[in-house]
Amino acid sequence: MLVSPTALAVPLYLMLAGGGMTSTVCSVLVSSMISPFGVYFARVYAAASVPDELLEAGRIDGAGDLHMFFVVSLRLMASASVAVFLFHFVAIWNTSCSRW
């Protein structure tokens with residue numbers, strides 16, 4: 001959370017260049033939505049809200065990793081995803097409004 005956005009500019013550009021998204025509108029959205037705070041918050045929330053027993057039950061039922069991620073984990077983490085989205089939306093909104 002203490003890392004300034006300017007220190008993240010070069011790593012984000014290298015990541016987007018590796019994905020071939022340097023001159024697209026999607027690159028602006030992706031670069032503004034990725035932050036160390038969002039990754040840290042999602043990781044901590046996932047460790048606390050997704051019980052290991054539920055993942056084991058999914059594996060026993062024969063669900064693959066992607067199926068368990070999209071069907072089980074993302075549904076349990078919906079509130080955290082909305083919170084991270086709102087934090088980033090407010091940060092982008094404040095940045096764009098401060099230029100006026």
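The values are calculated or read from the model by the stated rules, or taken from the named source; none is laboratory data. For clarity, every value in this text was computed on a predicted model and none was experimentally measured. Methodologically, a virtual Cβ is constructed for each residue, glycine included, from the backbone with ideal geometry; neighbour enumeration extends over all protein chains shown.
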Just checking, does segment 68-91 include any residue being at positive phi, at pLDDT 90 or above and out of contact with any Cys (no Cβ under 7 Å at 6 or more places or on another chain)? no
Just one of (1) over 18 Å from the mean Cα position of the chain (by Cα); (2) hydrophobic (A, V, I, L, M, F, W, C); (3) assigned by TED's automatic domain parsing to the domain that holds Phe89 trips up Ala46, so point out which. (1)
Return yes when Val39 is β-branched (Val, Ile, Thr) and touching a Gly at 6+ places or on another chain (Cβ under 9 Å) and no when it is not. no
If you scan segment 52-69, which residues turn out to be surrounded by fewer than 11 Cβ atoms within 10 Å (Cβ to Cβ) and either within 19 Å of Leu12 (Cβ to Cβ) or not acidic (Asp, Glu) (or both)? Ile60, Gly62, Gly64, Leu66
